[in-house]
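Colleague: The structure's right below; bear with me while I get my questions together.
The values are calculated or read from the model by the stated rules, or taken from the named source; none is laboratory data. This structure is a prediction, so every number in the text was calculated from the model and none was measured. Here Cβ is always computed from backbone atoms with ideal geometry, including for glycine, and neighbour counts include all displayed protein chains. When the accessible area is computed, the model is the full protein with side chains, heavy atoms only, and any ligands, DNA or RNA have been set aside. Shrake-Rupley method; radii C 1.70, N 1.55, O 1.52, S 1.80 Å.
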Amino acid sequence: MKSKKREKNLLTEVELEFMKTLWELGEGTVRDVMAKLPPSRELAYTSVSTIMRILEQKNFLKSRKEGISYIYTPMITKSYYESLSLNHFVKDLFKNEPVSLVTKLLDDNHMSQEELLEIKEFIETKLEK
């Protein structure tokens, strides 16, 4: 499922907002996506439709026609995109050094004792495998 085209075409902020909505819905029309956006997002139907078609051209969505509407379905899972974008982020910003990313997260995010213990337990579980 991984393609070089997708790596080069990471989602823009607006595209990601729409994809999050469709991951939540499972599938939907332009109007379904518009209904899930915050009321402060005053986007025209044509603008949302254009972005959905762009996502389809980028192979993030597929569509099928039902009546006069197109139903859009994600072609990738949220988990897959999280991995793809995180790998891209680590490679580009942290010189492909995941330890640098984790160090930065731990140093800068003022995590609670409970959160740190949860991370520690997760690492210990990973080390046991």
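Colleague: Around GLU97, what is the net charge, scoring Lys/Arg as +1 and Asp/Glu as -1 over all other residues with Cβ under 15 Å from its Cβ?
Modeller: +1
Colleague: I would also like to ask the following. Compute the long axis of helix 13-25 from its Cα atoms, compare it with the longest principal axis of the Cα atoms of the chain, and write down the angle in degrees, 0 to 90, nearest 10.
Modeller: Rounded to the nearest ten degrees, it is 80.
Colleague: What does the net charge come to around MET111 if you take all other residues with beta carbon closer than 15 Å to its beta carbon, with K and R at +1 and D and E at -1?
Modeller: Net local charge, MET111 excluded: -4.
Colleague: When the convex hull of the C-alpha atoms of the chain is computed, what volume per residue in Å³ does it have?
Modeller: About 162 Å³ per residue, rounded to a whole number.
Colleague: Next question, about the same structure. Probe radius 1.4 Å, ligands and nucleic acids ignored: give me the carbon and sulfur share of the accessible area of the chain as a rounded percent.
Modeller: 54 percent
Colleague: Among the aspartates and glutamates, which have Cα under 19 Å from the Cα of LYS91 when same-chain residues fewer than 8 positions away are ignored?
Modeller: GLU7, GLU82
Colleague: Over the range 37-120, what is the relative contact order in whole percent, taking alpha-carbon pairs under 8 Å and six or more residues apart?
Modeller: 12 percent
Colleague: Ranking request for peptides 105-116, 65-76: highest mean number of other beta-carbon atoms within 10 Å first, then the rest in descending order.
Modeller: 65-76, 105-116
Colleague: Another one. Measuring from label point to label point, each 7 Å out along Cα→Cβ, what is the PHE122 to VAL99 span in nm?
Modeller: So the label points at PHE122 and VAL99 sit 2.0 nm apart.
Colleague: Moving to a separate point now. When the chain is fully extended, how far beyond the present Cα-Cα distance does SER63 get from LEU106, taking 0.36 nm per residue of separation?
Modeller: So the chain would gain 11.4 nm between SER63 and LEU106.
Colleague: A follow-up question, please. State to the nearest 20 debye the size of the charge dipole of the chain about its Cα centre, where the only charges are +1 on K and R beta carbons and -1 on D and E beta carbons.
Modeller: 920 debye
Colleague: May I ask for the angle, rounded to the nearest 10°, between helix 78-93 and the longest principal axis of the chain, with both axes built from Cα atoms and the value confined to 0 to 90°?
Modeller: Approximately 60 degrees, to the nearest 10.
Colleague: Amide H of MET75 versus every other amide H placed in the peptide plane: which residues, excluding those fewer than 5 positions away on the same chain, fall under 5 Å?
Modeller: Under 5 Å from the amide H of MET75: LEU61, LYS62.
Colleague: When Lys and Arg each count +1 and Asp and Glu each count -1, what net charge do the other residues less than 14 Å away from LEU25, Cβ to Cβ, add up to?
Modeller: 0
Colleague: What residues have an amide H closer than 5 Å to that of TYR70, excluding those fewer than 5 places away on the same chain, when H is modeled at 1.01 Å from N in the peptide plane?
Modeller: VAL30
Colleague: Run the dipole for the range 13-82 about the Cα centre, Lys and Arg Cβ at +1, Asp and Glu Cβ at -1, nothing else charged, and hand back the magnitude in debye, nearest 20.
Modeller: In total the dipole reaches around 200 debye.
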